[in-house]
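Enquirer: This is the structure I have questions about; it appears just below.
The values are calculated or read from the model by the stated rules, or taken from the named source; none is laboratory data. Quick caveat: nothing in here was measured; it's all calculated off a predicted structure. Neighbour counts are summed over all protein chains in view; Cβ atoms, including those assigned to glycine, are modelled from backbone coordinates with ideal geometry. Areas reflect the complete protein model, heavy atoms only, side chains present, ligands, DNA and RNA absent. Shrake-Rupley method; radii C 1.70, N 1.55, O 1.52, S 1.80 Å.
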Amino acid sequence: MRKSTEKIEAFKHRRKKVISRLGNAALLVAAHPEQIRNDDVHHAYRPDSNMYYLTGFEEPECFLLIRPNANPETVMFVREKNIERETWDGFRFGPEGTKKEFAIDEVYKIEQFEEKCLELLKGYDELYYRLYKNEEADAKVQKVLLNLKRAYGRTGYGLMTIKDADTFLGEFRLKKDEYDLVNQRKACEISAAAHVAAMKFTKPGVNERQVQAVLSHEFYMRGSARPGYSFIVATGNNATTLHYNFNDQECKSGDLLLIDAGAEYNMYSGDITRTFPVNGKFSAAQAKVYEGVLNIQKELISYVKPGIFFKDLHKMAEDRLTDLMFELGLLSGKKEDVMKANEHRKYYPHGCGHWLGMDVHDAGLYYIRGEARPIEAGMCFTIEPGLYIPADDKTAPAELRGIGVRIEDNIVVTNSGCDNLTAGVPKEIVEIESLMASR
Ligand code: GLY
Ligand code: MN
Ligand code: MN
């Protein structure tokens, strides 16, 4: 659990950047208290992304308060050391350990939050805080704000203004720094290796769940702490359900297998989708759909460079996929009318990508006050067009029914274009077929 000096410096650097943009506002981040469930079984806790982003601290039940240009400037409230609880639940840094190991100016025990935070917030105009993530944390914060107003007495001051901390911090998280990128690349590398292993493993007769086990094994063996999201291992018609996650069917010869899986590494997640034939060879109909989606995916990636707009990628994906639907005989009539009536959404109902980082659908604005924001170097996102033709779609050509294809890569924008961080998993038909034949 000890943090290396290199990491501590990276977190300090981030806090410095955040502090420089706070003005006369304070920032408060809460990490979710341990979940209280209706059982007494221990469930793994995933650290809060914002807390981790600013401190590297991974324990539940804590607050971070940042007070720009004040002393102390950084304050945390954490669980006290408790030998008995640590025997059951594991190591805690405690206030002293946290102060020393995480280079925080002042650290108190969590029980002191209401009393100390009240004092520490005096004099600030505004507070960045994300409400509604956790009721217990919200209740504590509300109490502090109410007591603070009371402490001001009859001065005319009302409740301190709350601004959304997630929106504020999202802007920092959206543009990846060197430390982000080292971890983001590693998460993508692990995810890619797992997809290659799953491709090699898959053959007729294996169960989707066994393929999931192969992915999971590779994740953990390569240093991932957990998957970034629920595995989607969808064979045949299951691939036409976008968030399919039963993952319990047999993979059959003649069907495709769609895998959407990403490993988390140091809190950053990969998010890769590949679609390939269970028996190692695409049928003519499958190849037609696959090649069409692949060409669009490659065109979208090649369009990416600083200055473009995400909304244009979405538009381009919809436009090209609609052309493909016409080519495949899925749609008829005039393209303009079809698109106006959203008929194409029947086979492509999602967007072509999203920000990627510590959260799979990562923080950061797509639009700023209604205006699309230009893409900048250092931003990471997915490019994931797909086409899904349900087995019971009587209007589709029979040979295409039950085919679902999505191809998803993770990219980082560079000064002149972009880098594909997940290029390690084959996606060309010949590459996939030769990898699967080499087993
Ligand atoms: N795996 C979730 C997504 O692709 O958005
Ligand atoms: Mn995605
Ligand atoms: Mn995905």
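Enquirer: Helices (runs of 4 or more DSSP H) wholly in region 146-238 with at least 1 residues that are more than 21 Å from the chain's Cα centre (by Cα) - which ones?
Expert: On the way: elements: 165-174, 178-201, 208-221.
The qualifying helices (runs of 4 or more DSSP H) are 178-201, 208-221.
Enquirer: Can I ask one more? Are there helices (runs of 4 or more DSSP H) fully within region 281-396 with at least 2 residues that are under 25 Å from residue 427 (Cα atoms)? List them. Spell out how you get there, then give the answer.
Expert: On the way: elements: 284-303, 310-328, 335-340.
Filter on region 281-396 gives 284-303, 310-328.
Enquirer: Restricting attention to region 323-340, does a residue exist that is on the phi < 0 side of the Ramachandran plot, open to solvent by 60 Å² or more (accessible area, probe 1.4 Å), within 16 Å of ligand 1 (Cβ to nearest atom) and modelled with pLDDT of 95 or more?
Expert: Checked region 323-340: no residue is on the phi < 0 side of the Ramachandran plot, open to solvent by 60 Å² or more (accessible area, probe 1.4 Å), within 16 Å of ligand 1 (Cβ to nearest atom) and modelled with pLDDT of 95 or more.
Enquirer: Also, quick follow-up: Those residues that are buried (at least 16 other Cβ atoms within 10 Å of the Cβ), away from ligand 3 (no atom under 16 Å from the Cβ) and over 11 Å from the mean Cα position of the chain (by Cα), I need them from region 341-363; list them, please.
Expert: 343, 344, 346, 347, listed by residue number.
Enquirer: Another question, then. Within region 307-321, can one find any residue that is open to solvent by less than 10 Å² (accessible area, probe 1.4 Å) and in contact with an Asp or Glu (Cβ under 6 Å, 6 or more places away or on another chain)?
Expert: no
Enquirer: Another one. Quick check on region 11-24. Is at least one of its residues touching a Gly at 6+ places or on another chain (Cβ under 9 Å) and open to solvent by less than 20 Å² (accessible area, probe 1.4 Å)?
Expert: Yes: region 11-24 contains one or more residues that are touching a Gly at 6+ places or on another chain (Cβ under 9 Å) and open to solvent by less than 20 Å² (accessible area, probe 1.4 Å).
Enquirer: State all residues of region 364-377 that are more than 15 Å from ligand 2 (Cβ to nearest atom) and open to solvent by 10 Å² or more (accessible area, probe 1.4 Å); if no residue qualifies, say none.
Expert: The initial filter retains those residues of region 364-377 that are more than 15 Å from ligand 2 (Cβ to nearest atom), namely 365, 367-377.
Passing the criteria: 365, 367, 368, 369, 370, 371, 372, 373, 374, 376, 377.
Enquirer: Right, residue 388: within 16 Å of ligand 2 (Cβ to nearest atom), open to solvent by 40 Å² or more (accessible area, probe 1.4 Å) and at pLDDT 95 or above or not?
Expert: No: the conditions fail for residue 388.
Enquirer: Could you list, in sequence order, the residues of region 245-285 that are within 12 Å of ligand 1 (Cβ to nearest atom) and surrounded by fewer than 22 Cβ atoms within 10 Å (Cβ to Cβ)?
Expert: Passing the criteria: only 245.
Enquirer: Of the residues 191, 230, only one is open to solvent by less than 10 Å² (accessible area, probe 1.4 Å) and of a type in the set (Ser, Thr, Tyr); which? Spell out the reasoning first.
Expert: Values: 230 fails: open to solvent by less than 10 Å² (accessible area, probe 1.4 Å).
Only one candidate passes the filter, namely 191.
Enquirer: Another one. Which members of region 139-175 meet the condition of being open to solvent by less than 20 Å² (accessible area, probe 1.4 Å) and not hydrophobic (A, V, I, L, M, F, W, C)?
Expert: So the first thing to find is which residues in region 139-175 are open to solvent by less than 20 Å² (accessible area, probe 1.4 Å), and the list is 141, 144-145, 148, 165, 169-170, 172-174.
Residues satisfying the conditions are 170, 173.
Here's the yes/no breakdown for (1) surrounded by fewer than 19 Cβ atoms within 10 Å (Cβ to Cβ); (2) among the polar types (S, T, N, Q); (3) at pLDDT below 95:
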| position | (1), (2), (3) |
| --- | --- |
| 71 | yes, yes, no |
| 87 | yes, yes, no |
| 92 | no, no, no |
| 99 | no, no, no |
| 102 | no, no, no |
| 119 | yes, no, no |
| 123 | yes, no, yes |
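Enquirer: Determine whether residue 388 is among the aromatic types (Phe, Trp, Tyr) and within 16 Å of ligand 1 (Cβ to nearest atom). Explain how you work it out, then say what you get.
Expert: On the way: among the aromatic types (Phe, Trp, Tyr): yes; within 16 Å of ligand 1 (Cβ to nearest atom): yes.
The answer is yes for residue 388.
Enquirer: Need pairs with beta-carbon distance below 6 Å; first residue in contact (Cβ under 8 Å) with a residue 24 or more places away in the chain and within region 301-313, second assigned to a loop (DSSP other than H, G, I, E, B) and of a type in the set (Ser, Thr, Tyr); sequence gap 6+ or separate chains.
Expert: 310/366
Enquirer: Just one of the numbered conditions (1) closer than 21 Å to residue 296 by Cα; (2) more than 13 Å from ligand 2 (Cβ to nearest atom); (3) touching a helix residue (DSSP H, G or I) at 6+ places or on another chain (Cβ under 7 Å) is not true of residue 315; which one?
Expert: All conditions are met except number (3).
Enquirer: Which pairs do you get when a residue that is acidic (Asp, Glu), found in region 254-278, comes within reach of a residue that is part of a loop (DSSP other than H, G, I, E, B) and near ligand 1 (Cβ under 10 Å from one of its atoms), reach meaning Cβ atoms under 7 angstrom, with the pair 6+ apart or on two chains?
Expert: Correct list of pairs: 264/228; 271/228; 271/262; 271/356; 271/360.
Enquirer: Moving on to the next point. Restricting attention to region 265-280, report how many residues are assigned to a strand (DSSP E or B), within 16 Å of ligand 2 (Cβ to nearest atom) and out of contact with any helix residue (DSSP H, G or I) (no Cβ under 6 Å at 6 or more places or on another chain). Talk me through it step by step, then tell me what you get.
Expert: Taking region 265-280 as the starting set, the residues that turn out to be assigned to a strand (DSSP E or B) are 265, 268-269, 272-277.
Now drop any that are not within 16 Å of ligand 2 (Cβ to nearest atom), which leaves 268-269, 272-275.
Subsequent filtering for residues that are out of contact with any helix residue (DSSP H, G or I) (no Cβ under 6 Å at 6 or more places or on another chain) retains 273, 275.
Adding up the residues that qualify gives 2.
Enquirer: Answer yes or no: is there a residue in region 334-354 that is hydrophobic (A, V, I, L, M, F, W, C) and within 11 Å of ligand 2 (Cβ to nearest atom).
Expert: In the first step, residues of region 334-354 are kept if they are hydrophobic (A, V, I, L, M, F, W, C); the result is 338-339, 341, 352.
Right, trim to within 11 Å of ligand 2 (Cβ to nearest atom) and you get 352.
Within region 334-354, one or more residues are hydrophobic (A, V, I, L, M, F, W, C) and within 11 Å of ligand 2 (Cβ to nearest atom).
Enquirer: Right, something else. Looking only at region 398-439, which residues are open to solvent by less than 20 Å² (accessible area, probe 1.4 Å), part of a strand (DSSP E or B) and more than 14 Å from ligand 3 (Cβ to nearest atom)?
Expert: 403, 412, 413, listed by residue number.
Enquirer: Look at region 370-417 and say how many of its residues are over 19 Å from the mean Cα position of the chain (by Cα) and among the aromatic types (Phe, Trp, Tyr).
Expert: 1
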